[in-house]
1. Tell me whether region 4-15 contains one or more residues that are β-branched (V, I, T), under 22 Å from G84 (Cβ atoms) and modelled with pLDDT of 95 or more.
2. Among the residues of region 60-117, how many are of a type in the set (S, T, Y), over 24 Å from E9 (Cβ atoms) and surrounded by fewer than 16 Cβ atoms within 10 Å (Cβ to Cβ)?
3. Take the residues in region 31-45 that are surrounded by 16 or more Cβ atoms within 10 Å (Cβ to Cβ) and not aliphatic (A, V, I, L, M); name whichever of them is nearest to I125 (Cα to Cα).
4. Which residues, counting only those in region 48-76, are acidic (D, E) and touching a Lys or Arg at 6+ places or on another chain (Cβ under 9 Å)?
5. Could you give me the residue pairs with C-beta distances under 9 Å whose first residue belongs to region 1-27 and is surrounded by 18 or more Cβ atoms within 10 Å (Cβ to Cβ) and assigned to a helix (DSSP H, G or I), whose second residue is at pLDDT below 95 and of a type in the set (S, T, N, Q) wherever it lies, and which are 6+ apart or on separate chains?
Amino acid sequence: MSQTENLVENLVDKFQKNGLDVLYAKCNGYPEPVEVQGAVPDVVAWDSFKELYHLGVVADSQSIRTDETKEKMNVLSKMMMSKGASEGKLLPLYLGVKQDASEIADQRIQDTTLESQNNIQKIII
């Protein structure tokens, strides 16, 4: 199992413990997530109570520094619900990182517009 797949599985576990239904994930046992406006999340989950999708991106201490991860975070952080009880709300975006990437993740969030959108949360996985 690759490190990325391990991180994805850990994020899937966190989502499930928070009562979310995981629909897509880049790990065994789930369909692959699809591209959304040029970016592919690592995990897509559903909150049936709020009728709201939750997106997850994982990164290690190397990949968190890449332009690809930055662009993925920027695109996914702007996604909104188009229908249902949460129509017009930004989708929560979770950045799952290992402890050794935590400070870098904080800096990445600070360096982008993500912080002002209040819909991104870092999770240590």
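The values are calculated or read from the model by the stated rules, or taken from the named source; none is laboratory data. Note that the structure is a prediction, hence the values are computed from the model and not measured. So basically every Cβ, Gly included, is an ideal-geometry build from the backbone, and we count neighbours across all protein chains shown.
1. Among the residues of region 4-15, not one is β-branched (V, I, T), under 22 Å from G84 (Cβ atoms) and modelled with pLDDT of 95 or more, which makes the answer no.
2. Residues in region 60-117 being of a type in the set (S, T, Y), over 24 Å from E9 (Cβ atoms) and surrounded by fewer than 16 Cβ atoms within 10 Å (Cβ to Cβ): 3 in total.
3. D42
4. E51, D60
5. Final answer for the pair search is E9/N28.
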